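The values are calculated or read from the model by the stated rules, or taken from the named source; none is laboratory data. Given the structure is predicted, the values throughout are model-derived calculations rather than measurements. Here the Cβ positions follow ideal geometry from the backbone for every residue, glycine too, while neighbour counts run over all protein chains shown.
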Ligand SMILES: Cc1cc2nc3c(=O)[nH]c(=O)nc-3n(C[C@H](O)[C@H](O)[C@H](O)COP(=O)(O)OP(=O)(O)OC[C@H]3O[C@@H](n4cnc5c(N)ncnc54)[C@H](O)[C@@H]3O)c2cc1C
């Protein structure tokens with residue numbers, strides 16, 4: 001027996017992207033089915049270091065989630081970079097015009113909270129314990145999904161728009177024939193959560209660029225600190241054998257690094273060993289992909305959660321009205337617009353992130369921008385705004401920004417201590 005249901009939007013996956021999209025579509029009046037294969041209301045993504053970039057803060061505020069994150073103890077995040085040229089720190093928050101912070105909050109708190117918000121939003125039917133099994137197709141247009149629950153229960157969900165928000169190994173993408181473009185990853189990753197680590201940076205997150213290895217500390221809710229490292233693949237055997245010893249050895253050498261010997265480890269080490277960058281097409285008639293289903297790239301830069309929120313918002317804003325109209329051609333035009341929006345906002349970031357993920361040395365432009373950022377507060381703000389994905393690659397590498405970085409370094413080389421007269425690239 002197959003029960004049959006009809007919706008404006010069927011969203012597969014109720015984690016960050018799917019829950020955010022369900023809320024935003026339903027607020028626009030759409031009737032939404034939110035389908036999640038995990039039946040446990042406390043389920044959450046385990047393999048994530050949960051640094052949400054400032055680029056997503058306007059979306060979190062619009063959802064009404066920012067205040068819930070703060071109430072749950074989430075930490076407003078800011079990042080200090082440590083480089084061979086010195087520490088890079090953003091100017092004080094008051095002087096920053098872009099969103100000045102994102103949030104650090106553990107997924108075990110974030111995911112259930114967001115999913116509950118979605119389930120309680122009028123217009124959303126939350127269907128948990130069901131997995132996408134097959135897409136419904138009429139004349140090459142996707143028009144819903146067949147889902148399977150435990151005990152052999154099957155439901156036929158008809159929808160004008162079907163959304164794949166089912167993560168990196170998206171079943172929806174596979175069923176739609178969207179195969180991922182793969183780009184190599186030259187680093188492995190290990191992390192664990194600790195308690196009782198006083199950070200020399202206070203409540204600020206830290207990221208060490210050790211060329212080519214990377215280390216982080218992210219203070220989170222409840223006084224828990226996430227400690228992570230992304231060494232190059234050449235060190236795999238050492239890390240696999242004893243991640244704790246490898247992590248302690250690495251952190252013992254870091255400037256301003258915490259003392260892991262005196263800290264209490266709360267979780268086992270999680271390791272990502274095979275994690276190529278995956279990029280997919282994001283739409284076809286009747287269907288769109290958001291979040292990791294659309295693009296899942298190097299975790300080093302902590303962009304996946306923020307982009308999961310933001311891609312959900314772009315899709316809901318573009319297709320929120322047309323998914324409720326009879327005219328399917330209009331909806332499909334909007335889905336093409338969503339695909340173009342996704343590409344125009346993220347493709348250049350994706351290119352740079354994948355290029356650096358091979359574990360290669362810095363190129364000339366990176367040396368120029370990082371060294372200038374360590375020596376000049378305007379360049380520091382520019383670099384950190386880019387890292388938080390609040391500005392585009394074009395803005396980061398604008399002629400004015402490159403000129404300033406060159407000027408800062410020339411001034412440094414000649415030992416000038418004169419006044420800072422170069423205009424800000426934002427002006
Ligand atoms: C080691 C590591 C560290 C990371 N650190 C960060 C970080 O610091 N900051 C950051 O921003 N990002 C980070 N990321 C990336 C981040 O975890 C993801 O980008 C983010 O979780 C994507 O959210 P999503 O909603 O698209 O997908 P997911 O969170 O993967 O959710 C997919 C959902 O779909 C459900 N699902 C799957 N298949 C089906 C199906 N067939 N039917 C129904 N439901 C289904 C799943 O149960 C799940 O609920 C990290 C990733 C890794 C691997």
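Looking for something farther than 30 Å from residue 76 by Cβ, modelled with pLDDT of 95 or more and part of a strand (DSSP E or B) - is there at least one such residue anywhere in region 191-202?
Among the residues of region 191-202, not one is farther than 30 Å from residue 76 by Cβ, modelled with pLDDT of 95 or more and part of a strand (DSSP E or B), which makes the answer no.
Just one of 23, 69 is part of a helix (DSSP H, G or I), modelled with pLDDT of 95 or more and in the same structural domain as residue 329 (by TED's automatic domain parsing); which is it?
23
Under the condition of being more than 10 Å from the ligand (Cβ to nearest atom) and in a strand (DSSP E or B), which residue from region 26-38 is surrounded by the fewest Cβ atoms within 10 Å (Cβ to Cβ)? Working first, answer last.
First, the residues of region 26-38 that are more than 10 Å from the ligand (Cβ to nearest atom): 26-33.
Restricting the remaining residues to those that are in a strand (DSSP E or B) gives 32-33.
Numbers: 32: 29, 33: 27.
Filtering region 26-38 for residues that are more than 10 Å from the ligand (Cβ to nearest atom) and in a strand (DSSP E or B), the one surrounded by the fewest Cβ atoms within 10 Å (Cβ to Cβ) comes out as 33.
For residue 343, which of the numbered conditions (1) within 16 Å of the ligand (Cβ to nearest atom); (2) touching a residue at least 60 places away in the same chain (Cβ under 8 Å) fails to hold?
Going through (1) within 16 Å of the ligand (Cβ to nearest atom); (2) touching a residue at least 60 places away in the same chain (Cβ under 8 Å) one by one, residue 343 breaks only (1).
Please verify whether region 288-299 includes one or more residues that are more than 13 Å from the ligand (Cβ to nearest atom) and on the phi < 0 side of the Ramachandran plot.
In the first step, residues of region 288-299 are kept if they are more than 13 Å from the ligand (Cβ to nearest atom); the result is none.
So far as region 288-299 goes, no, none of its residues is more than 13 Å from the ligand (Cβ to nearest atom) and on the phi < 0 side of the Ramachandran plot.
Give region 203-225 a look and list any residue that's outside any loop (DSSP other than H, G, I, E, B) and surrounded by fewer than 17 Cβ atoms within 10 Å (Cβ to Cβ), or say none.
The answer is 222, 223.
Name, by its number, the condition in (1) surrounded by fewer than 19 Cβ atoms within 10 Å (Cβ to Cβ); (2) touching a residue at least 60 places away in the same chain (Cβ under 8 Å); (3) within 20 Å of the chain's Cα centre (by Cα) that does not hold for residue 180.
Among (1) surrounded by fewer than 19 Cβ atoms within 10 Å (Cβ to Cβ); (2) touching a residue at least 60 places away in the same chain (Cβ under 8 Å); (3) within 20 Å of the chain's Cα centre (by Cα), residue 180 violates only (1).
Would you check if residue 251 is touching a residue at least 60 places away in the same chain (Cβ under 8 Å), in contact with a helix residue (DSSP H, G or I) (Cβ under 8 Å, 6 or more places away or on another chain) and either more than 30 Å from residue 161 (Cα to Cα) or within 16 Å of the ligand (Cβ to nearest atom) (or both)?
No, not satisfied.
Go through region 365-392 residue by residue and tally those that are within 22 Å of residue 51 (Cα to Cα) and part of a helix (DSSP H, G or I).
Count: 10.
Would you check if there is a residue in region 98-113 being surrounded by 17 or more Cβ atoms within 10 Å (Cβ to Cβ), over 23 Å from residue 59 (Cβ atoms) and within 15 Å of the ligand (Cβ to nearest atom)?
Scanning region 98-113, I find no residue that is surrounded by 17 or more Cβ atoms within 10 Å (Cβ to Cβ), over 23 Å from residue 59 (Cβ atoms) and within 15 Å of the ligand (Cβ to nearest atom), so the answer is no.
If you take the residues in region 39-79 that are within 12 Å of the ligand (Cβ to nearest atom), exposed (fewer than 15 other Cβ atoms within 10 Å of the Cβ) and under 19 Å from the mean Cα position of the chain (by Cα), which one is farthest from residue 110 (Cα to Cα)?
47
Output the qualifying pairs, or none if there are none: Cβ atoms under 7 angstrom, residues six or more apart or on different chains, first residue in region 401-427 and at pLDDT 95 or above, second residue assigned to a loop (DSSP other than H, G, I, E, B).
401/425; 404/422; 404/425; 407/422; 408/376
Just need a number here: residues in region 1-25 that are surrounded by 23 or more Cβ atoms within 10 Å (Cβ to Cβ) and over 22 Å from the mean Cα position of the chain (by Cα).
Going residue by residue through region 1-25, those that are surrounded by 23 or more Cβ atoms within 10 Å (Cβ to Cβ) are 7-25.
Then drop every residue that is not over 22 Å from the mean Cα position of the chain (by Cα), which leaves 7-10.
The number of residues fulfilling the criteria is 4.
Identify, from the list 389, 367, 404, the residue that is surrounded by 17 or more Cβ atoms within 10 Å (Cβ to Cβ) and over 22 Å from residue 205 (Cβ atoms). Walk me through how you get there before you give the answer.
Values: 389 fails: over 22 Å from residue 205 (Cβ atoms); 367 fails: surrounded by 17 or more Cβ atoms within 10 Å (Cβ to Cβ).
One residue alone meets the criteria, 404.
Would you be able to tell me the number of residues in region 134-173 that are within 11 Å of the ligand (Cβ to nearest atom) and assigned to a loop (DSSP other than H, G, I, E, B)?
Adding up the residues that qualify gives 6.
Where in region 226-331 are there helices (runs of 4 or more DSSP H), lying wholly inside it, with at least 2 residues that are touching a strand residue (DSSP E or B) at 6+ places or on another chain (Cβ under 9 Å) and assigned by TED's automatic domain parsing to the domain that holds residue 16? Break it down stepwise before answering.
Numbers: elements: 236-241, 243-252, 304-319.
Once the helices (runs of 4 or more DSSP H) in region 226-331 are filtered for at least 2 residues that are touching a strand residue (DSSP E or B) at 6+ places or on another chain (Cβ under 9 Å) and assigned by TED's automatic domain parsing to the domain that holds residue 16, what remains is 304-319.
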